[in-house]
Amino acid sequence: MTDLVNQGKTAGKIIEFEMLQNIAEDDNKHESDYKMLFQGQGKILLALIDSDNLSQKELVERIDMTPQSTAEFVRKLEKRGLVTRKKSSSDKRVTVVSLTDKGRLEIQKRTRSIPEYLRVLDDEELEQFNKILDKINNQMYLDIKEADPSLQNRYHQFMLNHVLNKVHPD
């Protein structure tokens, strides 16, 4: 059994983090810029900045979205002039997605606004932190889903669905 003292200490740290994050976001004029990075189109741009010229199938695997959602987001990014799509020279059935210069500038602008406090973590720590947050978030979603359907809980369910559709559109 996990030590209740440690759980209480961790809960306090989460509250402290939330307060500090709110202060930091109030100070950050580009808050929506970095949040866009973690939603559909932003995920695609991040994958392409990491490794350009990916097939749509490779994008699907990297960003963990359905092929339909990925194709829709790629079309939207292409309309905005941030990516191009072309058939592979080696296999005409494969569509290759590439960043344009405008797309590179857009993603560089947005990545500059990622909160500084995340930059103190190395890749391994970020991976661990992501796994821990996934575990906590999944339990919170489950708790909300199983809650008593009072008016307040229905409101929370509505907000949960709204957030899920923004963060995980498929």
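The values are calculated or read from the model by the stated rules, or taken from the named source; none is laboratory data. The structure presented is a predicted model; accordingly, all values stated were derived computationally and were not measured. Please note: Cβ atoms are built from the backbone with ideal geometry, for glycine as well, and neighbour counts cover all protein chains shown.
Test each condition in (1) in contact with a Pro (Cβ under 6 Å, 6 or more places away or on another chain); (2) outside the structural domain of Ala24 (by TED's automatic domain parsing) for Glu127 and report the one that comes out false.
With respect to (1) in contact with a Pro (Cβ under 6 Å, 6 or more places away or on another chain); (2) outside the structural domain of Ala24 (by TED's automatic domain parsing), Glu127 is out only on (1).
So which residues in the stretch 84-103 are within 11 Å of Ile49 (Cα to Cα) and part of a strand (DSSP E or B), if there are any at all?
Ser98, Leu99
Between residues in the stretch 60-84 that are in the same structural domain as Ser98 (by TED's automatic domain parsing) and surrounded by 12 or more Cβ atoms within 10 Å (Cβ to Cβ) and residues that are of a type in the set (Asp, Glu) and modelled with pLDDT of 90 or more, which pairs lie under 8 Å by C-beta distance while being six or more apart or on different chains?
Sorted first by the residue in the stretch 60-84, then by its partner, the pairs are Thr84/Glu78.
Going by what's in this entry, would Ser113 be described as surrounded by 12 or more Cβ atoms within 10 Å (Cβ to Cβ) and modelled with pLDDT of 75 or more? I'd like the intermediate steps shown before the answer.
Working: surrounded by 12 or more Cβ atoms within 10 Å (Cβ to Cβ): yes; modelled with pLDDT of 75 or more: no.
It is false that Ser113 is surrounded by 12 or more Cβ atoms within 10 Å (Cβ to Cβ) and modelled with pLDDT of 75 or more.
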